[in-house]
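Just so it is clear, none of the values below were taken in a lab; they were calculated from the coordinates. Since the structure is predicted, the reported quantities are computational estimates derived from the model, not experimental observations. Don't worry about glycine lacking a Cβ; one is built from the backbone with ideal geometry, like all the others, and counts go over all protein chains shown.
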Amino acid sequence: MKKLVIANWKMNPASYAEAKKLAKAAGLSAKKHKNVKVVVCPPFPWLTDMSHEKEAGLEYGAQDVFWLDKGAYTGEVSPLMLKNSKVKYVIIGHSERRRLGETGQNINMKLKAALANGLVPILCVGEDAKTHSKGKLSVGKFLATQLREGLRGVDQNMFINKKLIVAYEPIWAISTTPGVKKDTPENATETIFSIKKLVARMFGILLSDITVLYGGSVDSENAYGFLSCPEIGGVLVGGASLRPADFGGVVKIASELS
Ligand code: PGA
């Protein structure tokens, strides 16, 4: 199966002209290295223009979504709007949104609403530094809670039909976390394997039904290590996705390893 490379631009760049340049560069990389799926997740003001224009080689994703299709919810963007704008993916439960107060229940509602509209949710889970320092048992419990809350009531076929993706993003390894520490492919693989076992048990499905990405300071220097692990279905790239040469390097490696 083709590996996925997802660019999470977060709250960048500041203008549509810059966003177009980034998308163009990402599109060129994707056209050159075809054995990979490249998804770009711009901020909302740029997203729908881009998804309508559709740079060749790219798919588009949102960085968040609301749980209802329409109504009096000032400031929110609905899954139906995304679907009608040709957006295919949506990141849900990113640690930067959880930090702003998003709860497990909110995340679950968003995820189910996204699925109901045919969007592919990328459910982000990952422990903070304190939990990580307490060891594997604590990490396992932390992730199990996030997965149970986020995936409550989801149909197992969503996994089997590859309509739902999980991303393991340990907060301590995200490039903008103060005192960031790089994760190792060995640790990431081990944790992702335990995530797959847990989800397989929860839904009565096979490990191979579950796609889990890795995210946390991935760039062209370290991408080979993560992407060469068969357990890792792709990468979610933040900082490096804003540097075209770096991001292009990740796309090339992912294509070679798919
Ligand atoms: P990073 O961000 O690649 O800059 O660590 C990843 C993410 O937060 O999705």
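Structural remarks
- Amide H within-cut-off set for E127, under 5 Å, with H built and near neighbours excluded: I171
- From most to least packed by mean Cβ count within 10 Å, the peptides 13-19, 42-48 give 42-48, 13-19.
- Among G104, G239, G75, the residue with the largest mean-square fluctuation in a Gaussian network model of the chain, with springs joining Cα atoms closer than 10 Å, is G75.
- In this rough spin-label picture, where each label sits 7 Å from Cα along the Cβ direction, the K197-T176 distance is 3.4 nm.
- Residue-count net charge about D69 - beta-carbon cut-off 14 Å; Lys, Arg +1, Asp, Glu -1: +3
- For segment 83-159, alpha-carbon Rg over 2.2 N^0.38 Å: 1.19
- You can think of it this way: the chain between K86 and A56 has 9.4 nm of extra reach, that is 0.36 nm per residue less the Cα-Cα gap.
- Between S138 and K163, the modelled labels are 3.8 nm apart [label points 7 Å from Cα along Cα→Cβ].
- Evaluated at q = 0.12, 0.15, 0.31 Å⁻¹, the base-10 log of the normalised Debye intensity for segment 156-211, with identical point scatterers placed on the Cα atoms, takes the values -0.35, -0.51, -1.19.
- GNM on the chain, alpha-carbon springs under 10 angstrom: the most fluctuating residue among S217, S208, S241 is S208.
- Anisotropy class of the chain from Cα gyration tensor, a/c 1.5 cut: rounded
- Relative to the current alpha-carbon distance between L206 and R148, full extension at 0.36 nm per residue lengthens the span by 19.2 nm.
- Across N161, N12, N35, mean-square fluctuation computed from a Gaussian network of the chain (C-alpha pairs under 10 Å connected) peaks at N161.
- Working note: Karplus 6.51/-1.76/1.60 with θ = phi - 60° gives segment 182-199 the couplings 6, 7, 9, x, 5, 5, 4, 5, 4, 5, 5, 4, 5, 4, 5, 4, 5, 5 Hz, where Gly and Pro are set to x.
- Reducing segment 73-108 and segment 1-31 to their Cα centroids gives an inter-centroid distance of 19 Å.
- Within segment 165-258, the proportion of C-alpha pairs whose separation exceeds 18 Å stands at 44%.
- Estimated inter-spin distance, L68 and R99, nm [label 7 Å along Cα→Cβ]: 3.0 nm
- Full extension of the chain between R243 and T184 gives 19.0 nm of extra length, using 0.36 nm per residue less the Cα-Cα distance.
- Among the listed pairs K37/K86; K162/K197; K20/K252, those beyond 19 Å (Cα-Cα): K20/K252
- Segment 63-194 - convex hull of the alpha-carbon atoms, volume per residue in Å³: 124 Å³
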